[in-house]
Amino acid sequence: MENQIFLRACMKQKVERTPIWIMRQAGRYLPEYREIRKKFSFHEMMHTPSLMSDVTLLPFERFDLDAAIMFSDILVIPESLGMSFTLVPGVGPVFNEKIQSRSDIEKLSLNIEYFKNIYDGINTVRKNLSKSVSLIGFSGTAWTIACYMLEGKPSKDYSKIRLLMHNDYESFSLLMDKITDSISKYVNGQIDSGVDAIQFFDSNSLFISQDDFEKYSLPYVKDIVTTVNNRGVPSIYFARSISSILSYLLEINCSVVGVDWSINLETVRNTLSDKVSLQGNLDPSVLLCSNEVIEQKTKEVLKSYGRGYGHIFNLGHGITPGVNPESVQKVIQTVKNFSPQFK
Ligand code: CP3
């Protein structure tokens with residue numbers, strides 16, 4: 001474990017340079033991914049262990065990254081509870097049925113067998129991955145997953161969940177409890193299968209107010225982070241519009257805070273009294289710019305974290321499909337060349 005630079009950074013230990021991986025690194029910006037996707041559905045790619053392993057490892061044929069993230073999706077949790085979705089081109093994930101009533105929530109029932117192929121995939125990846133590279137497992141948070149289950153598809157404002165939590169708290173908490181139970185079992189299974197760290201995606205954290213976050217989302221986040229901490233594995237909590245929830249971040253007790261691109265790392269580091277590691281936070285749109293801009297903006301992120309250990313370089317949200325893979329190479333080179341001066 002000490003040989004993995006990513007894990008050392010998670011624990012704020014000494015590293016010779018800043019480790020780097022990229023959110024959505026095994027995705028559509030890679031021509032190799034698009035080729036595989038022509039032959040297989042998204043679900044086949046997630047649930048065929050050998051294919052899942054191959055796709056997870058695709059970025060390593062091009063780049064020297066410090067962590068792999070298992071190829072899957074946060075929406076496997078609703079599927080484990082009996083819902084199912086289809087990826088609709090130009091729209092995104094669309095559920096075949098959505099939650100519309102209390103009885104829909106009551107009907108949700110965890111099928112633990114659903115995760116089996118994902119666990120086999122993790123096992124395969126861990127066997128094929130270099131020992132010095134960490135394997136990150138992940139899940140969505142209950143809040144972010146519930147947003148999708150209630151809307152049934154991507155939405156501009158995810159208002160249905162706020163309606164439910166204010167109008168019918170009992171049904172809301174039943175739904176959040178069921179999701180949290182599935183997440184806990186799922187991340188435990190991922191750890192048993194060989195992941196080295198777990199990242200929680202709270203991508204819809206921007207659709208809850210600062211005050212409501214404390215009551216309606218924070219307790220569920222703390223629950224799943226504690227589950228991971230109890231296993232002795234680093235936990236990463238990634239949220240968007242993080243400035244509105246800065247005051248709760250230490251309470252979550254994660255090993256690493258994943259910082260979105262809207263805020264300066266120095267501000268987050270100072271606000272959190274340098275108590276946890278930080279991951280992030282280059283604006284993904286920079287990857288569409290010239291090499292000069294990419295180098296300058298990457299250096300700015302390194303500089304905004306500043307000296308000392310506990311920084312993992314990443315984007316401030318997922319990489320977008322239009323990015324040229326050469327631009328990713330430029331970011332990696334810049335981090336490797338310039339980060340040693342900040343250690
Ligand atoms: O980081 C990685 O490379 C690992 C794989 C990964 C995917 N989704 C693959 C994927 C991860 C970590 C996710 C997480 C995820 N999924 C999130 C949280 C991260 C974020 O971006 O905020 C969310 C909100 C989802 C839900 C989801 N899945 C959406 C909204 C979409 C459509 C998005 C789009 O860009 O069209 C997906 C599909 C999806 N998940 C794709 C991939 C590679 C595209 C699949 C394809 O069309 O081939």
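The values are calculated or read from the model by the stated rules, or taken from the named source; none is laboratory data. All of these numbers come straight from a predicted model, not from anything done at the bench. As a convention, Cβ positions derive from the backbone with ideal geometry for all residues, glycine included, and neighbour counts pool all protein chains shown. Remember, those area values only see protein heavy atoms, side chains included, never the ligands or the DNA or RNA. Shrake-Rupley method; radii C 1.70, N 1.55, O 1.52, S 1.80 Å.
Out of the residues in region 196-223 that are in a helix (DSSP H, G or I) and within 15 Å of the ligand (Cβ to nearest atom), which is most open to solvent (accessible area, probe 1.4 Å)? Step by step, filter region 196-223, then rank; the result is L206. Among the residues of region 16-52, just one is within 8 Å of the ligand (Cβ to nearest atom), closer than 30 Å to R307 by Cα and either open to solvent by 50 Å² or more (accessible area, probe 1.4 Å) or not in a loop (DSSP other than H, G, I, E, B) (or both), namely R24. Residues of region 324-338 that are under 19 Å from Y29 (Cα atoms) and surrounded by fewer than 22 Cβ atoms within 10 Å (Cβ to Cβ): N324, P325, E326, S327, Q329, K330, I332, Q333.
Looking at region 312-319, can you tell me whether even one residue there is more than 16 Å from the ligand (Cβ to nearest atom) and on the phi < 0 side of the Ramachandran plot? Scanning region 312-319 turns up no residue that is more than 16 Å from the ligand (Cβ to nearest atom) and on the phi < 0 side of the Ramachandran plot. Can you say whether S193 is closer than 30 Å to L129 by Cβ and either more than 16 Å from the ligand (Cβ to nearest atom) or not aromatic (F, W, Y) (or both), as far as the supplied structure shows? Against the criterion (closer than 30 Å to L129 by Cβ and either more than 16 Å from the ligand (Cβ to nearest atom) or not aromatic (F, W, Y) (or both)), S193 qualifies.
Return yes when G310 is open to solvent by less than 20 Å² (accessible area, probe 1.4 Å) and farther than 21 Å from E16 by Cβ and no when it is not. Considered against the rule, which asks whether it is open to solvent by less than 20 Å² (accessible area, probe 1.4 Å) and farther than 21 Å from E16 by Cβ, G310 comes out as no. Scanning region 232-258 for residues that are farther than 19 Å from A9 by Cα, away from the ligand (no atom under 16 Å from the Cβ) and among the hydroxyl-bearing types (S, T, Y) yields a total of 4. Among the conditions (1) crowded, with 17+ Cβ neighbours inside 10 Å; (2) more than 24 Å from A26 (Cα to Cα), the only one that Q341 does not satisfy is (1).
If you go through region 255-274 and keep only what is more than 15 Å from the chain's Cα centre (by Cα) and either of a type in the set (A, V, I, L, M) or under 24 Å from S139 (Cβ atoms) (or both), you end up with S262, I263, L265, V268, L272. Within region 225-239, at least one residue is within 14 Å of the chain's Cα centre (by Cα) and in a loop (DSSP other than H, G, I, E, B). Every test in (1) free of Cβ contacts under 8 Å to residues at least 40 places away in the same chain; (2) open to solvent by less than 50 Å² (accessible area, probe 1.4 Å); (3) within 21 Å of the chain's Cα centre (by Cα) is passed by P93 save one, and that test is (1). Within region 75-90, the set of residues being open to solvent by less than 80 Å² (accessible area, probe 1.4 Å) and part of a loop (DSSP other than H, G, I, E, B) comprises L75, L81, G82, M83, S84.
Condition first: over 30 Å from K131 (Cβ atoms), within 9 Å of the ligand (Cβ to nearest atom) and in contact with a helix residue (DSSP H, G or I) (Cβ under 7 Å, 6 or more places away or on another chain). Can you find one or more residues in region 56-77 that meet it? For region 56-77, residues over 30 Å from K131 (Cβ atoms), within 9 Å of the ligand (Cβ to nearest atom) and in contact with a helix residue (DSSP H, G or I) (Cβ under 7 Å, 6 or more places away or on another chain): present.
Of the set (1) within 21 Å of the chain's Cα centre (by Cα); (2) within 11 Å of the ligand (Cβ to nearest atom); (3) over 30 Å from G194 (Cα atoms), all apply to D157 but (2). A single member of I99, I145, I122 is in contact with a Gly (Cβ under 9 Å, 6 or more places away or on another chain), at pLDDT 95 or above, under 22 Å from K185 (Cβ atoms) and in a helix (DSSP H, G or I), and it is I122.
Checking the structure you have, find out if any residue of region 110-118 is surrounded by fewer than 17 Cβ atoms within 10 Å (Cβ to Cβ), more than 17 Å from Y186 (Cβ to Cβ) and touching a residue at least 12 places away in the same chain (Cβ under 8 Å). For region 110-118, residues surrounded by fewer than 17 Cβ atoms within 10 Å (Cβ to Cβ), more than 17 Å from Y186 (Cβ to Cβ) and touching a residue at least 12 places away in the same chain (Cβ under 8 Å): absent. Select from region 198-219 the residues that are within 17 Å of L75 (Cα to Cα) and among the aromatic types (F, W, Y) and list them in ascending order. Of everything in region 198-219, those that are within 17 Å of L75 (Cα to Cα) and among the aromatic types (F, W, Y) turn out to be F200, F201.
The single condition among (1) charged (D, E, K, R); (2) under 17 Å from the mean Cα position of the chain (by Cα); (3) open to solvent by 30 Å² or more (accessible area, probe 1.4 Å) that D66 does not meet is (3).
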